[in-house]
Structures are given as structure tokens and as C-alpha cells.
1. Being surrounded by fewer than 17 Cβ atoms within 10 Å (Cβ to Cβ), in a strand (DSSP E or B) and at pLDDT 95 or above is the requirement here; does LYS136 meet it?
2. Name the single residue, out of those in the range 7-22 being closer than 14 Å to GLY64 by Cα and touching a residue at least 12 places away in the same chain (Cβ under 8 Å), that is surrounded by the most Cβ atoms within 10 Å (Cβ to Cβ).
3. When you look at THR74, is it out of contact with any helix residue (DSSP H, G or I) (no Cβ under 6 Å at 6 or more places or on another chain), surrounded by 13 or more Cβ atoms within 10 Å (Cβ to Cβ) and among the hydroxyl-bearing types (Ser, Thr, Tyr), yes or no?
4. For the range 185-226, what are the residues that are part of a loop (DSSP other than H, G, I, E, B), among the polar types (S, T, N, Q) and surrounded by 10 or more Cβ atoms within 10 Å (Cβ to Cβ)?
Amino acid sequence: MKIPKFTDLILFEDDNLIVVNKPPYISSLDDRGEAAGEINMLRLAKAYADDAQICHRLDKETSGALIIAKNPETYRFISMQFEHRKVKKIYHAVIEGTHVFDNLLVDLPILNTGKGSVTISRQEGKRAETWFQSLKYWKHYTLVECRPVTGRMHQIRIHLATQRASIAGDAMYKGKPVFLSSLKRKYVLGKDQEEQPIMKRFALHAFEVTFKINEETEVTIHAPYPKDFDTLLKLLDKFDS
């Protein structure tokens with residue numbers, strides 16, 4: 001994988017913090033079980049600003065807006081906003097099927113099973129809430145806005161799965177990859193070729209984040225879609241509308 005240039009990822013920067021558009025396939029922090037020396041957002045950030053700290057996590061496959069503090073004071077300031085649920089996050093996901101979510105609240109407690117996955121547990125789970133709004137419909141898929149109130153691991157992914165609306169390509173929660181052959185009539189694959197999915201990851205992108213950069217000033221930072229997500233939407237427009 002080509003290592004991105006950190007400065008190319010920056011969406012917003014001031015003296016105290018940076019917001020980047022995290023590429024897919026790069027972990028936010030040092031993950032257990034990762035190869036030694038594998039690149040992650042924290043290492044890229046520290047090479048740019050010595051005291052950099054990542055203020056929240058995105059799953060390795062998830063792209064989009066990630067807040068990075070440049071000093072301990074700012075890290076604490078942002079962390080408190082996360083703790084008090086003052087940071088507004090908007091994700092976009094492509095889900096399987098046509099689903100009309102009109103400000104649907106999914107309020108199902110999530111239990112971290114410790115094996116890199118989570119489950120819904122009314123008895124032992126921690127409170128988790130996500131709002132969903134359908135943005136665009138195709139024949140077999142829907143583009144959905146997801147607004148998590150809490151920040152549990154895999155929250156959006158499992159909450160969508162409970163609605164029988166798994167994210168495209170999210171095998172862990174029963175989502176299937178999207179192949180062009182399933183959308184395009186008369187699709188012909190070359191001899192001895194194996195068809196690759198349009199997106200090689202699950203279709204989830206941290207689209208926007210709103211938070212205070214200081215006591216007076218609130219900002220909203222918008223992260224453009226990465227190439228693979230954009231390509232999926234364009235092909236759905238072309239062949240599935």
C-alpha cells in the first residue's frame with residue numbers, strides 16, 4: 001500500500017489541532033496484532049507534529065474526518081467534548097436493500113465481546129444510540145446518513161445490521177460486497193479473470209465532524225469521499241437507478 005503524504009490529508013489546521021481525511025486501510029492507532037512498524041495515523045501525525053495525539057478512532061477500513069490534537073491541552077479539550085457528547089459526527093454508508101429511514105433512532109446496547117467484534121446485549125451491553133436518515137435510493141441499495149450519539153465500537157455497523165440493512169461489503173455483520181456483474185446487464189468477465197468487488201472494504205465514510213476548536217469557536221469540517229466510495233456511488237447511479 002502506498003503511504004499517503006500526511007499534508008495531502010489535511011482538511012483543517014490551526015496552531016492546536018488538525019483534521020485529516022483518513023484514508024481507508026490505515027489504523028488510527030497502534031493496533032494489537034499488527035505487524036511491527038506498520039504505518040498508522042498516529043505515526044504519520046507524530047512525524048508531522050511531535051506531540052500529536054489522535055482524539056477518537058475510526059475503524060481501519062473506515063475513511064473520513066479524524067481529529068488530531070497537537071498538544072496535551074487541546075487533546076484534553078477535545079476529549080471532554082467527546083465525553084460529554086458535544087462532538088457531532090455524520091457518517092455516510094451504502095447499505096443493502098431499499099430502506100426508508102426517516103430520522104430512525106436505533107437504541108440498542110452494545111457489548112464488546114473482546115474478539116474484535118461486538119454484539120447486541122440488553123443485559124450486559126453499554127447504551128448506544130444512532131440516528132439514521134436515508135439520503136438516496138437505488139434499486140438494490142440505499143445511501144444513509146448515520147449520526148451516532150454514543151461512540152461504541154462498530155456501533156453504526158451493528159445498528160444497521162439489526163435493521164436488516166447491513167453495510168455493503170461488511171462481512172463481519174452479514175454485508176456482501178458489490179460486484180459490477182450484479183448491477184450491469186451483459187457484464188462480461190475476461191477468461192481466467194476473477195471479478196473484484198467495486199469496493200474492497202465496507203462502504204462507510206466519516207463525512208462530517210462539528211466541534212469546538214476553542215471556547216468561542218465551533219467548526220464543521222467536511223471530508224470528501226475517497227475514490228472507492230465515490231466510484232461505488234457513480235456506478236450505482238449508472239447501473240442501479
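1. Working: surrounded by fewer than 17 Cβ atoms within 10 Å (Cβ to Cβ): yes; in a strand (DSSP E or B): yes; at pLDDT 95 or above: yes.
Considered against the rule, which asks whether it is surrounded by fewer than 17 Cβ atoms within 10 Å (Cβ to Cβ), in a strand (DSSP E or B) and at pLDDT 95 or above, LYS136 comes out as yes.
2. Here is the first cut: in the range 7-22, the residues closer than 14 Å to GLY64 by Cα are 8-12, 18-22.
Going one step further and asking which of them are touching a residue at least 12 places away in the same chain (Cβ under 8 Å), we end up with 9, 11-12, 18-22.
On the way: LEU9: 21, LEU11: 16, PHE12: 17, ILE18: 21, VAL19: 23, VAL20: 26, ASN21: 21, LYS22: 29.
The residue in question is LYS22.
3. Values: out of contact with any helix residue (DSSP H, G or I) (no Cβ under 6 Å at 6 or more places or on another chain): yes; surrounded by 13 or more Cβ atoms within 10 Å (Cβ to Cβ): yes; among the hydroxyl-bearing types (Ser, Thr, Tyr): yes.
It is true that THR74 is out of contact with any helix residue (DSSP H, G or I) (no Cβ under 6 Å at 6 or more places or on another chain), surrounded by 13 or more Cβ atoms within 10 Å (Cβ to Cβ) and among the hydroxyl-bearing types (Ser, Thr, Tyr).
4. Within the range 185-226, GLN196, ASN214 meet the criteria.
A quick yes/no check of all residues on (1) more than 28 Å from SER166 (Cα to Cα); (2) free of Cβ contacts under 8 Å to residues at least 40 places away in the same chain; (3) among the aliphatic types (A, V, I, L, M); (4) out of contact with any strand residue (DSSP E or B) (no Cβ under 6 Å at 6 or more places or on another chain):
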position	(1), (2), (3), (4)
SER27	no, yes, no, no
LEU42	yes, yes, yes, no
ALA45	yes, yes, yes, no
ALA52	yes, yes, yes, no
LEU58	no, no, yes, no
ALA65	no, no, yes, no
MET80	yes, yes, yes, yes
LYS86	no, no, no, yes
THR98	no, no, no, no
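The values are calculated or read from the model by the stated rules, or taken from the named source; none is laboratory data. All of these numbers come straight from a predicted model, not from anything done at the bench. We place every Cβ from the backbone using ideal geometry, glycine too, and count neighbours over all the protein chains shown.
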